[in-house]
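Undergrad: Structure incoming, see below.
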Amino acid sequence: MSKEILIVDDSPSVRRMVSMTLQQAGYAVTEAVDGAKGLEAAKSHRYAMVITDQNMPNMTGLEFIQAYRADPSSSGVPIIFLSTESEGGLKEAARAAGALGWMVKPFEQEQLLAVVKKVAG
């Protein structure tokens with residue numbers, strides 16, 4: 001059984017690239033177009049891992065993490081930021097909210113797979 005990963009990003013091209021990379025490596029992928037839709041998906045199903053963008057309409061990645069971590073069902077689910085943002089204060093806020101790590105866009109497929117394998121198994 002393949003591990004399921006939730007991708008939360010408002011960019012169709014980024015979602016497609018991340019999805020294709022992960023699916024080719026044997027992971028099952030669910031996509032959400034913003035933080036609000038991501039929160040709905042994350043609360044309705046337990047994923048092995050969540051990858052989220054920061055800058056999205058309706059709910060930012062940081063807001064998504066804060067809302068998701070407020071739900072006890074999120075315990076133990078690793079969250080990785082995949083964002084064009086690389087500012088230190090935002091990284092600290094994300095970690096404080098419950099993110100495990102941070103990757104900067106554009107990303108290398110091998111790097112993404114290495115992080116997912118390490119975090120989700």
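The values are calculated or read from the model by the stated rules, or taken from the named source; none is laboratory data. All values reported here derive from a predicted model rather than from experimental measurement. In this analysis, Cβ positions are derived from the backbone assuming ideal geometry, glycine residues included, and neighbour counts consider all displayed protein chains. Just the protein is used for accessible areas: all its heavy atoms, side chains included, with ligands, DNA and RNA removed. Shrake-Rupley method; radii C 1.70, N 1.55, O 1.52, S 1.80 Å.
Undergrad: Within segment 64-121, which GluC sites (Glu not before Pro) sit in a loop by DSSP and count at most 10 neighbouring Cβ atoms inside 10 Å?
TA: GLU87, GLU108
Undergrad: Still on this structure, I have one more. Per DSSP helix of 4 or more residues, -39500 (n - 2.57); summed, then divided by the residues of the chain. What does that give at 222 nm, rounded to the nearest 500?
TA: The helix-only estimate for the chain comes to -13500 deg cm²/dmol at 222 nm.
Undergrad: Here's a follow-up. I want to check the label-to-label distance for ALA114 and ARG95. Put each point 7 Å from Cα in the C-beta direction and report it in nm to one decimal.
TA: About 1.9 nm separates the two model spin labels.
Undergrad: Could you give me the radius of gyration and the Dmax of segment 4-120, taking only the C-alpha atoms into account and expressing both in angstrom?
TA: 12.6, 34
Undergrad: Can you pull the percent of segment 1-42's accessible area that's carbon plus sulfur, 1.4 Å probe, other chains left in place?
TA: So the carbon and sulfur contribution to the accessible surface is 53 percent.
Undergrad: Separate question: Could you order ARG15, ARG69, ARG46 so the one with the most accessible surface comes first? Probe is 1.4 Å.
TA: If we order ARG15, ARG69, ARG46 from most to least accessible, we get ARG46, ARG69, ARG15.
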